[in-house]
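Remarks on the structure that follows.
The values are calculated or read from the model by the stated rules, or taken from the named source; none is laboratory data. Predicted, not measured: the structure shown is a model, and the values here were computed from it. Virtual Cβ from ideal backbone geometry, glycine too; neighbours counted across all protein chains shown. These accessible areas exclude ligands, DNA and RNA; they are computed on the full protein's heavy atoms, side chains included. Shrake-Rupley method; radii C 1.70, N 1.55, O 1.52, S 1.80 Å.
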Amino acid sequence: MPYWLYIVLLIILIYVIISVALYYLQDYFLFKPEKLPAAFQFNYENQITEEHNLETRDGAVINGLLFKPKGKSRGIVLYLKGNSKSIKGWGKFAVDFTRHNYNVLMVDYRGFGKSTGKRSQKAIKRDLQRVYDKIKEYTTEDRIILYGRSLGSGFAAKLASMNQPKLLILDAPYYSLTKVTKRYAPFMPLSVLIKYPLPTYKWLKYVQCPIHIIHGTNDKLIPYKTSIKLSKVNPKLTKLHTVIGGGHKNLNTFESYHKMIDDILNTKPKAIDLSTTSIHVKHSSKPDKAKA
């Protein structure tokens with residue numbers, strides 16, 4: 001066998017081995033779950049909580065925690081978290097909505113916290129729709145807000161595309177998970193290998209409620225330009241909120257982030273009479289001539 005052919009075959013073999021490894025090990029790279037014993041007791045200072053379990057049609061159990069405001073409820077935020085830990089750690093962010101008198105429901109994906117069941121993109125989407133339907137048994141959709149953080153942004157976009165929530169808020173979203181992964185493995189056939197493509201951009205096209213995208217300019221994991229691109233998918237319903245200097249995991253440490261949440265939850269959009277604006281004024285392509 002010629003030496004060059006041996007090298008080519010070796011490269012092909014290595015490529016195939018890496019592809020197979022990527023396919024079977026991607027769950028370990030993508031998800032960083034924290035598992036909790038069934039007897040674990042959630043405890044948050046100055047927070048009123050209720051624990052709930054929802055059984056799915058395939059026998060899995062989805063565990064969730066409902067945070068209640070101290071005042072009269074204005075609605076409920078279904079908070080879909082990122083890819084790490086469990087709602088035990090994420091629960092501390094509920095205050096950003098309960099302080100505005102919203103209930104907050106956080107759920108753990110399969111294999112996280114106390115939730116059980118075999119994980120897949122299809123199963124998670126089905127679970128979250130079941131959770132959404134359960135919420136509708138207690139309130140109307142015009143009181144439901146979907147909040148998706150990082151990994152949860154894709155699932156939130158999918159839910160919003162299939163339902164009629166009041167608002168969709170995406171925090172550090174990705175265009176698609178395939179695009180994110182391609183940054184780290186540009187030569188791999190990811191469209192075939194990725195089991196969780198999560199094409200946020202496709203689902204946003206069908207969302208009919210107001211869309212708010214929040215992103216930091218210093219996000220190293222999911223670049224800010226991703227949200228600029230996403231904001232153009234459904235532009236009439238989308239508003240992009242920029243956290244100057246914000247990274248991927250620290251937006252809550254910026255005062256501007258909390259002002260954005262306040263504006264999103266409390267400011268009613270006003271209709272603009274465009275006939276009274278300069279919207280139709282066009283700049284002349286010719287320089288003005290100086291008058292004598």
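What are the pairs with Cβ atoms under 6 angstrom where one residue, in the range 71-91, is touching a residue at least 24 places away in the same chain (Cβ under 8 Å) and the other, located anywhere, is surrounded by 24 or more Cβ atoms within 10 Å (Cβ to Cβ) and of a type in the set (G, A, S)? Sequence gap at least six, or different chains.
L80/G148; L80/G152; L80/A156; K81/G152; S86/G113; I87/G113
Take V131 and tell me if it is in a helix (DSSP H, G or I), out of contact with any helix residue (DSSP H, G or I) (no Cβ under 6 Å at 6 or more places or on another chain) and open to solvent by 40 Å² or more (accessible area, probe 1.4 Å).
Numbers: in a helix (DSSP H, G or I): yes; out of contact with any helix residue (DSSP H, G or I) (no Cβ under 6 Å at 6 or more places or on another chain): yes; open to solvent by 40 Å² or more (accessible area, probe 1.4 Å): no.
No.
For the condition touching a Phe, Trp or Tyr at 6+ places or on another chain (Cβ under 7 Å) and in contact (Cβ under 8 Å) with a residue 12 or more places away in the chain, what is the one hit in G152, G117, G148?
Numbers: G152 fails: touching a Phe, Trp or Tyr at 6+ places or on another chain (Cβ under 7 Å); G117 fails: touching a Phe, Trp or Tyr at 6+ places or on another chain (Cβ under 7 Å).
Every option except G148 fails the conditions.
Identify, please: which residue in the range 261-286 is at pLDDT 95 or above and touching a helix residue (DSSP H, G or I) at 6+ places or on another chain (Cβ under 9 Å) and is, among those, farthest from K81 (Cα to Cα)?
Keep residues of the range 261-286 that are at pLDDT 95 or above, which gives 261-265.
The next check asks that each one be touching a helix residue (DSSP H, G or I) at 6+ places or on another chain (Cβ under 9 Å); those that pass are 261, 265.
On the way: I261: 16, L265: 19 Å.
Within the range 261-286, the match that is farthest from K81 (Cα to Cα) is L265.
When you look at R126, is it assigned to a loop (DSSP other than H, G, I, E, B), of a type in the set (D, E, K, R) and at negative phi, yes or no? Please lay out each step first, then the result.
Numbers: assigned to a loop (DSSP other than H, G, I, E, B): no; of a type in the set (D, E, K, R): yes; at negative phi: yes.
No.
Go through the range 251-283 and give me each residue that's within 25 Å of G75 (Cβ to Cβ), open to solvent by less than 100 Å² (accessible area, probe 1.4 Å), out of contact with any Asp or Glu (no Cβ under 8 Å at 6 or more places or on another chain) and in a helix (DSSP H, G or I).
S256, Y257, M260, D262, D263, I264, L265, N266
Could you check the range 222-234 and list, in sequence order, the residues that are among the aliphatic types (A, V, I, L, M) and over 14 Å from the mean Cα position of the chain (by Cα)? Walk me through how you get there before you give the answer.
Filtering the range 222-234 for residues among the aliphatic types (A, V, I, L, M) gives 222, 228, 230, 233.
Listed by number, the residues that qualify are I228, V233.
Determine whether the range 221-235 contains at least one residue that is outside any strand (DSSP E or B), more than 15 Å from R149 (Cα to Cα) and modelled with pLDDT under 95.
The answer is no, given that none of the residues of the range 221-235 is outside any strand (DSSP E or B), more than 15 Å from R149 (Cα to Cα) and modelled with pLDDT under 95.
Please go through the range 137-158 and give me each residue that is closer than 19 Å to F67 by Cβ and in a helix (DSSP H, G or I), ordered by number.
Selection gives R143, G152, A156.
Can you name every residue in the range 191-250 that is of a type in the set (D, E, K, R) and either touching a Lys or Arg at 6+ places or on another chain (Cβ under 6 Å) or surrounded by fewer than 20 Cβ atoms within 10 Å (Cβ to Cβ) (or both)?
Across the range 191-250, the qualifying residues are K195, K202, K205, K220, K225, K229, K232, K236, K239, K249.
How many of the residues in the range 41-67 are at pLDDT 90 or above, out of contact with any helix residue (DSSP H, G or I) (no Cβ under 7 Å at 6 or more places or on another chain) and over 25 Å from A123 (Cα atoms)?
Within the range 41-67, residues that are at pLDDT 90 or above, out of contact with any helix residue (DSSP H, G or I) (no Cβ under 7 Å at 6 or more places or on another chain) and over 25 Å from A123 (Cα atoms) number 4.
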